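Contents: one structure, followed by commentary.
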Amino acid sequence: MLVQKTLTRNPKFDLLADLAELATGLFLALFLWTHMLFVSTIIFGTRLFNLVPAILDPYYISHAGIAFVIFAILLHVVVAGRRVPLKVQEQRIIWQHMRKINHKDSWIWLVQIGTGAAIGILASIHIWAVLSDWPIDAAKSALRIKGPYFWFYVALLLVGEFHASIGVYRQCLKWGFFQREKASKALSKITMIMLALGIISLLVFYFIIKVNGGGA
């Protein structure tokens with residue numbers, strides 16, 4: 001609540017916070033989609049999947065990238081969450097207004113809050129799981145997915161893609177980048193493509209990629 005008051009007390013701080021929300025949100029959405037394209041290389045075999053880490057890791061590009069992504073996530077949580085109603089009374093007022101207005105954009109804001117909270121938990125677990133079993137390798141990833149993580153990654157895929165598309169959609173409307181209908185159609189197509197790539201990749205990891213006993 002202190003952060004919320006501080007960031008909204010001064011119009012200049014509020015503008016800077018809005019710009020930071022825009023920048024971090026777009027960056028994280030692009031990262032998510034780029035990450036999905038990388039993961040989907042498993043569809044074409046383990047050699048291509050393992051090629052990217054083999055190129056990036058010797059120069060510590062992956063390590064620097066992960067640190068920057070974590071920083072962007074933390075900053076995004078602060079600036080994007082500053083308007084989220086935290087008190088019960090505020091939540092009741094918001095709920096009453098949303099029911100009266102009954103507009104799609106109001107309801108998807110609620111979905112965005114819920115998916116954002118879920119991402120905070122699921123992404124933390126994902127980052128820990130990857131870093132604790134570094135470097136990234138197709139066999140290691142398959143072993144994790146064949147174990148207890150399959151449905152975990154299904155959930156992370158769903159909340160991640162929907163949160164990203166809703167966030168980009170709302171920023172497009174807020175800053176006037178695109179018209180509502182065009183933004184909605186374009187982002188719906190991107191979301192469907194990313195979900196399809198994600199599900200296919202998970203199935204390939206689960207059913208096709210072989211692992212050696214307890215490790216890569």
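Filtered by the rule that a residue be surrounded by 16 or more Cβ atoms within 10 Å (Cβ to Cβ) and either within 15 Å of the chain's Cα centre (by Cα) or not hydrophobic (A, V, I, L, M, F, W, C) (or both), segment 163-179 gives HIS163, ALA164, SER165, ILE166, GLY167, VAL168, TYR169, ARG170, GLN171. Mind checking which residues of segment 180-210 are surrounded by 15 or more Cβ atoms within 10 Å (Cβ to Cβ), more than 20 Å from PHE38 (Cβ to Cβ) and modelled with pLDDT under 90? The answer is ALA183, SER184. When ALA72 is tested against the conditions (1) in contact with a Gly (Cβ under 8 Å, 6 or more places away or on another chain); (2) open to solvent by less than 20 Å² (accessible area, probe 1.4 Å); (3) over 18 Å from ALA139 (Cα atoms); (4) of a type in the set (Gly, Ala, Ser), the lone failure is (1). Considering only residues in segment 131-162 that are of a type in the set (Ser, Thr, Tyr) and assigned to a helix (DSSP H, G or I), the one that is most open to solvent (accessible area, probe 1.4 Å) turns out to be TYR149. Counted as qualifying within segment 1-61 are the helices (runs of 4 or more DSSP H) with 1 or more residues that are at pLDDT 90 or above and either of a type in the set (Val, Ile, Thr) or open to solvent by less than 30 Å² (accessible area, probe 1.4 Å) (or both), namely 11-39, 46-56. Name the residues in segment 109-130 that are among the β-branched types (Val, Ile, Thr), in contact (Cβ under 8 Å) with a residue 40 or more places away in the chain and surrounded by fewer than 17 Cβ atoms within 10 Å (Cβ to Cβ), would you? Listed by number, the residues that qualify are VAL111, ILE127.
The values are calculated or read from the model by the stated rules, or taken from the named source; none is laboratory data. Bear in mind that the values here come from a model prediction, so they are computed numbers and not experimental data. All Cβ positions, even for glycine, are placed from backbone atoms using ideal geometry, and neighbour counts span all protein chains on display. With ligands, DNA and RNA removed, areas are computed over all heavy atoms of the protein, side chains included. Shrake-Rupley method; radii C 1.70, N 1.55, O 1.52, S 1.80 Å.
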